1. Over the Cα atoms, compute the radius of gyration (one decimal) and Dmax (the largest Cα-Cα distance, rounded to a whole number) for the range 319-399, in Å.
2. The range 239-318: Rg/Rh from Cα coordinates, Kirkwood Rh?
3. Using the number of other C-beta atoms within 10 angstrom as an exposure proxy, rank 399, 387 with the fewest first.
4. Quick one: compute the contact order of the range 292-433, relative version, from alpha carbon pairs under 8 angstrom and 6+ residues apart, as a percent.
5. When 1/r is averaged over all different Cα pairs and the result inverted, which Kirkwood radius in Å belongs to the range 314-361?
6. Could you work out the relative contact order of the range 424-492, using alpha carbon pairs under 8 angstrom and six or more residues apart, expressed as a whole percent?
7. Rounded to the nearest Å, what's the spacing between the alpha carbon centres of the range 399-416 and the range 301-364? Just the number, please.
8. Quick one: 507, 393, fewest Cβ neighbours within 10 Å first, how do they rank?
Ligand SMILES: Nc1ncnc2c1ncn2[C@@H]1O[C@H](COP(=O)(O)OP(=O)(O)OP(=O)(O)O)[C@@H](O)[C@H]1O
Ligand SMILES: [Mn+2]
């Protein structure tokens, strides 16, 4: 063989050798990626499982993946996966006694890893396959469609924005707000308008005193102790008569007390942590007695004083409700298979055996709302809420599709002057803070005319979704871009602390006999929503500034001081 041929052969041999080495190396590396491949294998199985059963929830998707990894048809990917984990720890070369000892330790480690992975899989399987109670199912379902949550709850909190820009505008020197003239600020009581003497009558019950001292500008005042007495009376006085409230959709009882006072009773149906079911519209949601209680406190803490006082109370169905029940209501009492005393009353929603109100075994929680004066003494006007939702599962309301909707409203009496539109915005702020979408009507006392506060009634459907912030509730604010100065001030103060709105609310709720009233996540939602409201106001101001023909004044038109 010639020298050149020998060289050629040697070179090709070397090349073949190198190529073989490379192949071995690549193969080895691929095996080392065993874990990565296992997880992608599992991922694939998971995708397949959940795609295959499109109606499956997240939980069973995971069960599917666990099964595929453990034993499924994807045995080569799945089972292989667990075994393939082994080469992740390559054996130590050489057959010395020392190396043998080290390798025995390593295989023990591999077994531990494998066991850990198996137990994790098993744990997932148990956890997802057999939710042990209803709240687990509900929470799991709520967590499922991430796109449905508006994720605010999961966001890492940004550094605290103290809204110094808005604070400057509120400063009288900053001149960032408009003072509204021509607003009626007289503040008579119902007693004064009806010429009923109250001061010389110490025997008035707390119910009578509350009703007679309702004012044109607020439902009660804090100074005179009337509120505390009224709440105590409703929580402790003996109930002497019970009647089902006509009208409305869900069961309510009118409770008469020994002192002749009356309260509207809404029973507890579910535990505090039960939230609005994902497939329930706001108009089919169950009413929550604790929402009525919390709404009264929230309204008061915000300084509105426009919601009737509400207290929580424990009742005994056998001794305090059943003996007083009459007629149709009486015929709906029964003992459940669990031995609890139940009733369901008669109404258009959820008044049947499968939605019964049950005691434990006969103790029942409920909310007691103080009755407003009878219509004969102080008639009320019922107004259709301009931002009412459609109450139809496929239709939208005009305000949802018309960008200029507020222009229409603010030029229509009574929204064209006085405190009315600012009150509507206050009500939207209250509703947004507690997630109440069920504001179809509102009421005012006729004797006070149009320049009076709006009565905040019916909050049974608030506090239903702690993770979700329903921005559309704020439509009156962001479509009209006006807010009452005192309301904005309060929100900024709560936002900047040290006492946040949640702290103030918690402190207030602690006075209720049924405390704790709210499930903890709702408190976090409230503070988060305060921030959203402030951001919305800032955006309004920015939009005004950016409007091409905006004068300095139009910028100021967002924050309005009407003296309330
Ligand atoms: N504290 C109260 N004093 C007097 N009347 C009240 C009081 N609370 C509510 N009402 C009257 O009873 C009606 C029904 O009450 P509420 O709205 O709380 O029940 P509801 O079942 O939610 O009704 P709907 O299904 O119509 O919304 C109210 O519209 C109001 O006119
Ligand atoms: Mn209602």
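1. Computed over the Cα atoms of the range 319-399, radius of gyration and Dmax are 18.4, 50 Å.
2. Details: Rg = 14.2 Å, Rh = 14.4 Å.
Reported Rg/Rh (Cα atoms, Kirkwood Rh): 0.99.
3. On the way: 399 21, 387 25.
Neighbour counts put them in this order, fewest first: 399, 387.
4. Numbers: 130 pairs, mean separation 27.0, N = 142.
Relative contact order for the range 292-433 comes out at 19 percent.
5. Numbers: mean 1/r = 0.0920 Å⁻¹.
That comes to 10.9 Å for the range 314-361.
6. Working: 62 pairs, mean separation 31.5, N = 69.
About 46 percent, as a whole number.
7. 41 Å
8. Details: 507 12, 393 8.
In order of increasing Cβ crowding within 10 Å: 393, 507.
Read-outs throughout are calculated quantities, based only on the coordinates presented, and are distinct from any laboratory measurement. This one's a predicted model, so the numbers in the text were calculated from it and none came from an experiment. FYI the Cβ positions are ideal-geometry reconstructions off the backbone, even for glycines, and counts take in every protein chain you see.
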